Structure formats: C-alpha cells, structure tokens
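Notes follow the structure.
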2 protein chains.
Amino acid sequence: MIRTSLTDVFFTKEDVEKLHESVLHILSTVGVKIENEEARGIYSQHGARVDGDIVYIDEALLNKALKTVPDNFELQGFDRSVAIGLDHDPVIIPTNGTPLVLNFDGSYSDTDLHDVINFYKLIDTSDVIGITSQIAIDVPGLDKSRDRYLPQLALMLKYSHKPIFNVLTATENNYKKSDLETGTREGIQFAKKFFGIEDKYVCYSGGCVISPLAVGWESMAYFMGEIKENQPLSITACSMTNLTAPGSLFGSVVQDAAAVLSIVVLSQLMNPGLPCMYTSLSSMTDMRYVQLCMGAPEFSLITLAHIALANYYRIPARMGGGLGDAFKADYQAGVESTVGLMAPMLTQTAMIVHGVGTMGSFNLTSYEKFIEDEETIRYLKRMRKGFDVSDDHQKKALKSIEKTGPRGNYLSGRTPKEYREDNYLASAVFNRKGCKENTREEEGDIRDRAKKIYDARMDSYKLPDLSLEQKKLLNTELPEGFKFEI
Amino acid sequence: MIRTSLTDVFFTKEDVEKLHESVLHILSTVGVKIENEEARGIYSQHGARVDGDIVYIDEALLNKALKTVPDNFELQGFDRSVAIGLDHDPVIIPTNGTPLVLNFDGSYSDTDLHDVINFYKLIDTSDVIGITSQIAIDVPGLDKSRDRYLPQLALMLKYSHKPIFNVLTATENNYKKSDLETGTREGIQFAKKFFGIEDKYVCYSGGCVISPLAVGWESMAYFMGEIKENQPLSITACSMTNLTAPGSLFGSVVQDAAAVLSIVVLSQLMNPGLPCMYTSLSSMTDMRYVQLCMGAPEFSLITLAHIALANYYRIPARMGGGLGDAFKADYQAGVESTVGLMAPMLTQTAMIVHGVGTMGSFNLTSYEKFIEDEETIRYLKRMRKGFDVSDDHQKKALKSIEKTGPRGNYLSGRTPKEYREDNYLASAVFNRKGCKENTREEEGDIRDRAKKIYDARMDSYKLPDLSLEQKKLLNTELPEGFKFEI
C-alpha cells in the first residue's frame, strides 16, 4: 500500500493549518448565507451568530460538530453493501448530470432515457464502480405531464444491484405536488420501502453550495430532508477561480471549505452522527474562454487541498474524478482523466465522483471514455497498491538473482507468484501487443476495442431479481414502457 | 514548489534502506560481469575482488566512489548551457532510437534521415525540451559505404542551438576504421573541436547495461571512451520482469541498481568527479504477449524506486518518460504518458529521457504525440510548481473574500496578479473552449491542432549561425546533400 498521501507532496502540516485558520476566519467573520429559516434557527439555538440570512460559525461550534461526524459508514444496495470512509479505499461513482452524450459513432446527442438505461447496465457490470447513479436527470423521454422525481428514482432502483447515489434532487421542475423538502423525504421513504429497511443507509444524495459562501433555498430543502430522514449526505462546492472564487487557488479552497463546513455543522447539530461527505469539484477558469477547466492541473491541486483539509477535519472526502475539457475520447482526455484521478486515487479519499465517462467540462458523457476511464482507474489502483518491499519479496528476489546470476535468464517453467502479485495485466481496451504490422491491423482503434467491451457488457447484463412486492412498488412510479409485467 | 518527493508516497526511509542493503548484497556476492579487461584491472587495483570476468564491489568501495560523484554539472551547447543535477528541475530530452515513425496522416514508416532532421527542428523550437538528441540512428538515407558515426554527430551539431545528447554510440555497424573506444573518443574530440572548448562538458552520452548484471563489450568501449575524454555519462538499465529481471518489482530494481552502480564506481575510480547519471528504463513484462510495457503503472513504480535510490546515493537521476504501449496518439497514449511522466516530474530527477514522442514500447516516434506530450509536461510542471500558500496569497485571498462577501462576484476590471500566477492557460493543442456546436466544428481533432503547431514550428526554425570554421569542420563529415555551401 502507499506509504503516505499524495497531499503530503503538496502540503506540509503547517500549510494545512494555515488553510484551516483562514477557513475559520472566513466562517466567523464573513459567514455563509443560508437560505432556510428553520436552519438559521437551529444554528442560532446552538449559539451561532445569525445576522439576517448570514450565519457565522466560530471555532468552538465547528469543533463540536466535527466530533460527531462518523469516520465510516455503510451504504446498502439491492444485494450488496459498500463500506465508505476514512478506513477504506475510494469507492468509485460514475459520471452524472451531463446534458450531452458522445456516441460510439462519434456523434453528439442530447442525453435521453435510452442513454440513462444503457449506463445503468454499464455501471452494474463494472468491476471498478461501487455505487450507481443517474448519468443525467430530467431527460427527454420522461412524461412531463406528471412529476418526474419519483419515476426516475424508481428506474434506478429497477436496474441496480449496487447501492445508489441519487443525483436527482426534487426541484420545482420535476416535483410540483408539494414543497421540495417534502419531495426529498418522499423519495427517501420510497427507497426505504423498496429495500424494506428503516435502520440502514440506502439513499445517499448530494447538494451543492453556491459559491461564494451561500447555500440556496433549493439545496437547503434537499439538505433538510436528507438530514431529517437520516440518510448520508454529500455537500459539494464547485467554483471557478476569478469568477465565483478568488483568483488564487488559496482563496478558492478557503472560501469553498467554509461553505461546505457550514452544512457539515448543520447536519451534526440536527442529527449528530449522520454520515456526511466533503465534496469539491471546484477548478480554475480559463479566462480566455470563460470556461471552467475540469482537466486542468489546478483542478488536481485544488482537489488535493480539499482532501488535505477533509482529512484534517476527519470528514470523509468525496472528490472528482475522471473529468476533462476534451470533447473526444482522445489523447487530451487520457491526460485529463489521469491528472484528475491521481489526486483521489493516491490519497485518503472515501469516494470518487465523476469517476468515469465525464468530459467537456461537465457537459458530456462519452460511452467510449467511460470504458477507458475504468482502465485508468485500474492503473491507478495498481499504483495505490504500491511497491512491495516485504521480507517475502526481498527474500525471493535475492534468491532468484543469486540463482540466475549475471547474463542468465529468469524465464522458467512456472510463472512465480511474485510476478502475478506485482504485475497487473491490462484489460483489452489498452493495447499491449507491440507495434507490428499484424498487431496494428488486429488492434484497430481504441474506440473499437471499447465498443467490443461495451457490447459484451450489455449482453451480460441481467436485471436484479426483485420480489413481487418490489416490482409492484416500482410499478406505481415507473414510466410507461418500463413497468414490470406482473 | 512541491513540498516533498512523490517517492515518499511509495517508500519510507526504511524501505529505501532495505533496497540499498539488497543492492549491496548482490554487488558483493553475485557481482557484475564486466566485458572489458582494462576496466577489470582498474577495479582490481582499487581492491575489488575480480573472479574471471565477474567484479564484486563491497560497501567501502561503493561509498568511496559515491563521494566524488558531482551533485550538479553544466552542459554547454551552441549558444546556451543547461544546468543539470540535484539542485535543478528535470531537464527534458525527447524520444530517441525508434525504428518507426507515426506520421500525421496516420501512416507508419521506417524512420529516415528526413524524420531525424524534422525532429531536430521540432526539438530546437520547443519551450519544454532542454537538450537535443537523435530520434533514431543509423537510419536509411545515410551512405552505408562509409562510416556513419561521425556524419550523424555532425548533422546533430549542424541543427542544434541546444546542448546535445549523443544517443549514437560507435558500433561495429557504423564505425569500422578502428576499435569502438577509439571511435567514441573520436566523436567526442570532434564535438570539442566544433565548440572550440576543451574544459567544459559538451558531449554527454549514455550506454546500457545488459540485464541481469552484465556490461557488454560494446557498452564498455563507450563507457571507457567517455570516461577518458572526461565527458558526462549516463548508465542505463532496461530490464523486463520475469525475463531479464526477477518477477517482482523488488528484484527488478535491486538487480538493475547493482549493475548501474558498478559503472558509476568505475567512472569515479578512473576519473573522480566525472558527472554521471543513473538511468532506469526498466519495466514489467506482459507475459501474455511477452512485451515490455512502457506505459504500465509498474513502469512508474520501478522508476520511483530507482529515483529514491539515486537520491539516496546522491547520483543525479535520469529517468523516463512520456512513453507508452499504444500505437496511436490516443486516449491510452495520454494516460500512459501521464503515468510515466508523473514519477520524474514530481520528484528530484535531473533529467527526463524519452520525455516526449515515444510510444509502441520504444519502437515508434509519433509526430503528433511529440507535440501533445509537450503539453502534458507543461501540465505536470504546473503540478510541480505546487499550491501557493504564501502569506501574500493568503492575505490577498482573505481580503478578496471579505470584499466580495456571500453570493458576490469576483470578476472585476483587472485580472489580479494571483490569478495569473496560479492559473496556467493551456496551449492550443488542448481544447478548452467548451463543448458547443460551433466549438466542436472549430476545434476539430487534436491531431489537426498538433499539426498546426508543428507547421508553425517548422516555419519558424532557423539554423544556428555557425562560424566559417565550424561549417568547414562539419563539412568534412556531413552527408552529401547536407553540406554547407561555402
């Protein structure tokens, strides 16, 4: 295993403390705008200064809240659970929320219900991904004449063996029958009923703060619902340097950390011990194009700073990811995914969000890149496993060198165990056959190899074997054409 | 700047000492086969045990030799010099020695003289590359009826403002008029005469050990010539796990370190204070295809172990690189370059060899990937620059957050200095324009963007302004068609 965190390459203990002191300064003197009256009342009851809709949090209150954030928790899915937190390797979540897809034929199209289902199958058959999610929400193909909030949740439950991340939050757009906090709670109650479980975590979801230093009323409705229903939550910052964050990385991180912590504090004041995760998807802005750059080295540096802070606070970190700015699954996409993934993959990060498939600065999900990013994660998993310096490997290595001697040959009848332990053999999406005329022909384009893997996965996918009760429950919400025949 | 080395993520101090002790054990008990009588005599004179052609080196002799290896040195080129060593950032060297090129039109062809010249121009106009080299040697297009050793060196001198790495060594194939040590010396003397410099380093070159634990007679001829002519040398190991190295990474590193150190020791016994560099290009073997995999995560791990050892010995480390197994400059190539480059770019590495352009497991140089790898290095340079936590950035950040307040906007009239300091704006080869219909049209393929940059660089290239004497000297060796008109 890795010996220390990649964050140590970039931050000393003093650097992290300097960031933390600045966060505290902002939390206690500039404050965070909280667009929810009930929440402001709770802060106030616990001694926070509240001025209008601005909440100020001091060191004592922060420390009190941090004490009860759990290090680890377990998320239950249909037939398996996933352990998440400070004592576990990162759990991978795929792309989510992108309006466009890049198809295998190179065309771009609006993400539709057909794509959402394809990706459920791809996620379910992945050896890399631990938790499923919607790759897009409120997509064309859903019946707009009725609330679309529960139908989309029902669809995810229908297709997933794995635990779920409900990307979808109830919004004015997809949930009209009541207020959004009620909508959030209705969704969670639906999931609890589906699983037949009241006392476990079955529906984790996430909301975003608005940079700088605010939590809007829609996100607050979600956070309040999630906290009251006792389900894990993630609090996400996604700012742009020089636009919604200061120009420096230091400023970006300090500001976003303050906003995220304000909701961590609220969650623990309302429901001490509730699992919550600290998420940053903030990055730099390329001011030439006024674009948020999700494949930039600064994205990785900002992520690492947030991981260092989350670790310092002992809040499970949830970070991106295999993102990027490229529009095609090309060389640039490969570099961007690796630069983005190395941060969470070589640190104590609980969860990697946008782990595979996202590109085009959050606008695009690529079928091809999804399959390819999985392999990048396998490569980085091999890195994370580290360099084996055990006594066993030392002893065997010395013996083998002594036996072989100068100019000898190590190839013997049997492949030694230590070769199998130390050498990862890549999946077929990466080409390792050596550049010869016949292999150039055979191997073709990486897109063709990804497509083959995709086809095989789609063929092998099987629906979860739901009980009659579960099917009946889902049928009450599933869109037409997706209901079970009972 | 980065706060510590990426090697620390993978190795504790004790891990490195464990590797070192194993290296010592192999050096003193298994020994290294040295195919050169004069060299064996020198080891023996200095107290090493020599048995047949095997040389055994003990701790005292190793430590004595390590004491005189210089931390840093300077390499002089036509109109500039480059500082190399433990106190400097990595100097980048491009691809070298690949028999095939991948052209912009997607075709593969044998590397010829035309390609070698194109890459001289590309290297000379690069803001990333510090030292030039031949991308291939003994290529078609050279007159085979005469010795081709000096003509190729003369060509490199003709085209390069930058200091040179003479990839080419005198071999039985390209130098017939005398023995190979004499050939090596003749080449160096030619370069010294060209520069009109006797007392500086002007011609660094490198030789390979043969794994396991041997230095062949051809490489020995080169090493002896370089040491006697007082020019910097690099000693390279390039082994394959389970074939020419043990199956484990531990065994691979220990064995190769021992072989490299044997020549470091020789250089210091013969010429104390001579700059020498410790190079590894070893990697894992994918036994399914019996292929050396240069884009594998194990390559990065092996490289990191060698960097840790080289730093421990205080020998400047020279490591790869932007390599890979892909045949096309595709997603896989991007991942592989990043995985390979992150090791030397985030550590104390003196020089990065095969920094840009190489792929296909050492067999292929891609024009496109060359331009793209340059950008990957710029991304990793930004990572290496680190996260600025200076008092200045802290002060400005806090002031800016206080002034802007919750839900404010940071965009003001002037772009702040800290934005410019912290945010790297990518070159045009990477696309950051956001995925919209018009930008998709505009940006095209990354290959087209690379080609545009290539064309502009070729247009802007200018030959060094040599003196009449220099031209006359080169004319004595330059191939027909490449001579100066005087």
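Things worth noting here:
- Scope the stretch A:401-410; condition surrounded by 14 or more Cβ atoms within 10 Å (Cβ to Cβ) and either within 47 Å of the chain's Cα centre (by Cα) or in contact (Cβ under 8 Å) with a residue 12 or more places away in the chain (or both); matching residues: A:ILE401, A:TYR410
- Candidates A:TYR379, A:TYR367, filtered to the one that is more than 8 Å from chain B (Cβ to nearest Cβ), of a type in the set (Phe, Trp, Tyr), in contact (Cβ under 8 Å) with a residue 12 or more places away in the chain and buried (at least 18 other Cβ atoms within 10 Å of the Cβ): A:TYR367
- The single residue among A:PHE362, A:PHE370 that is closer than 24 Å to A:ASN118 by Cβ and out of contact with any helix residue (DSSP H, G or I) (no Cβ under 8 Å at 6 or more places or on another chain) turns out to be A:PHE362.
- Residue under evaluation B:TYR56, criteria (1) within 14 Å of another protein chain (Cβ to nearest Cβ); (2) closer than 30 Å to B:TYR367 by Cβ; (3) touching a Phe, Trp or Tyr at 6+ places or on another chain (Cβ under 9 Å); (4) not basic (Lys, Arg), criterion not met: (2)
- Residue that is surrounded by the most Cβ atoms within 10 Å (Cβ to Cβ), among those in the stretch B:279-295 that are within 7 Å of another protein chain (Cβ to nearest Cβ) and among the hydrophobic types (A, V, I, L, M, F, W, C): B:MET284
- Residue check, B:VAL265 modelled with pLDDT of 95 or more, within 14 Å of another protein chain (Cβ to nearest Cβ) and more than 14 Å from B:THR184 (Cβ to Cβ): no
- If you go through the stretch B:318-354 and pick out every residue that is within 7 Å of another protein chain (Cβ to nearest Cβ), without any contact (Cβ under 8 Å) to a residue 60 or more places away in the chain and assigned to a loop (DSSP other than H, G, I, E, B), you end up with 2.
- Options B:ASP79, B:ASP87; residue that is touching a residue at least 24 places away in the same chain (Cβ under 8 Å), of a type in the set (D, E, K, R) and away from every other protein chain (no Cβ under 14 Å): B:ASP79
- Screening B:ILE92, B:ILE34, B:ILE42 for residues that are touching an Asp or Glu at 6+ places or on another chain (Cβ under 9 Å) and more than 14 Å from chain A (Cβ to nearest Cβ) leaves exactly one candidate, B:ILE92.
- Test: B:SER145 is in contact with a helix residue (DSSP H, G or I) (Cβ under 7 Å, 6 or more places away or on another chain) and either outside any loop (DSSP other than H, G, I, E, B) or not hydrophobic (A, V, I, L, M, F, W, C) (or both): no
- Filter result for the condition that a residue is among the hydroxyl-bearing types (Ser, Thr, Tyr), away from chain B (no Cβ under 14 Å) and closer than 26 Å to A:ALA257 by Cβ, over A:TYR175, A:TYR201: A:TYR201
- Taking the stretch A:264-299 as the range and being β-branched (Val, Ile, Thr) and part of a loop (DSSP other than H, G, I, E, B) as the test, only A:VAL290 passes.
- Condition check for B:GLY357: surrounded by 24 or more Cβ atoms within 10 Å (Cβ to Cβ) and more than 8 Å from chain A (Cβ to nearest Cβ): yes
- Selected residue [in contact with a Phe, Trp or Tyr (Cβ under 6 Å, 6 or more places away or on another chain) and within 25 Å of B:SER252 (Cα to Cα)] from A:GLY386, A:GLY357: A:GLY386
- From B:PHE430, B:PHE482, residue being in contact with a Phe, Trp or Tyr (Cβ under 9 Å, 6 or more places away or on another chain) and either touching a residue at least 12 places away in the same chain (Cβ under 8 Å) or not in a helix (DSSP H, G or I) (or both): B:PHE430
- Yes/no for B:ASN423 being crowded, with 20+ Cβ neighbours inside 10 Å, at the interface with chain A (Cβ under 10 Å from one of its Cβ atoms) and out of contact with any Lys or Arg (no Cβ under 6 Å at 6 or more places or on another chain): yes
- Residue match in the stretch A:109-122 (condition: assigned to a strand (DSSP E or B) and surrounded by 19 or more Cβ atoms within 10 Å (Cβ to Cβ)): no
- Lone qualifier among B:ILE315, B:ILE235, B:ILE302 - being buried (at least 24 other Cβ atoms within 10 Å of the Cβ), in a loop (DSSP other than H, G, I, E, B), more than 7 Å from chain A (Cβ to nearest Cβ) and at negative phi: B:ILE315
- Condition met for B:GLU372 (crowded, with 16+ Cβ neighbours inside 10 Å, facing another protein chain (nearest Cβ under 8 Å) and charged (D, E, K, R)): yes
- Condition met for A:LEU323 (in contact with a His (Cβ under 6 Å, 6 or more places away or on another chain) and over 17 Å from A:VAL264 (Cβ atoms)): yes
- Among (1) surrounded by fewer than 24 Cβ atoms within 10 Å (Cβ to Cβ); (2) β-branched (Val, Ile, Thr); (3) touching a strand residue (DSSP E or B) at 6+ places or on another chain (Cβ under 9 Å) - the single one B:THR184 does not satisfy: (1)
- Among the criteria (1) touching a Pro at 6+ places or on another chain (Cβ under 8 Å); (2) closer than 19 Å to A:VAL356 by Cα, the one A:VAL30 does not fulfil is (2).
- When B:LYS395, B:LYS462, B:LYS452 are checked against the criterion of being of a type in the set (Lys, Arg), within 28 Å of A:ILE302 (Cβ to Cβ), more than 8 Å from every other protein chain (Cβ to nearest Cβ) and loosely packed, with under 15 Cβ neighbours inside 10 Å, a single residue qualifies: B:LYS395.
Yes/no matrix, rows are residues, columns are (1) touching a helix residue (DSSP H, G or I) at 6+ places or on another chain (Cβ under 8 Å); (2) of a type in the set (Asp, Glu); (3) within 30 Å of B:ALA154 (Cβ to Cβ):
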| site | (1), (2), (3) |
| --- | --- |
| B:TYR379 | yes, no, no |
| B:PRO406 | no, no, no |
| B:ASN409 | no, no, no |
| B:PRO416 | yes, no, no |
| B:TYR454 | yes, no, yes |
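- Flag if A:PHE370 is part of a loop (DSSP other than H, G, I, E, B), touching a Leu at 6+ places or on another chain (Cβ under 9 Å) and hydrophobic (A, V, I, L, M, F, W, C): no
- The residue that is nearest to A:GLN189 (Cα to Cα), counting only those in the stretch A:223-245 that are of a type in the set (S, T, N, Q) and within 13 Å of the chain's Cα centre (by Cα), is A:SER234.
- The lone exception for B:SER412 - which of (1) within 7 Å of another protein chain (Cβ to nearest Cβ); (2) not in a helix (DSSP H, G or I) it fails: (1)
The values are calculated or read from the model by the stated rules, or taken from the named source; none is laboratory data. Computed from a predicted structure; not experimentally measured. Cβ: placed from backbone, ideal geometry, glycine included. Neighbour counts: every protein chain shown.
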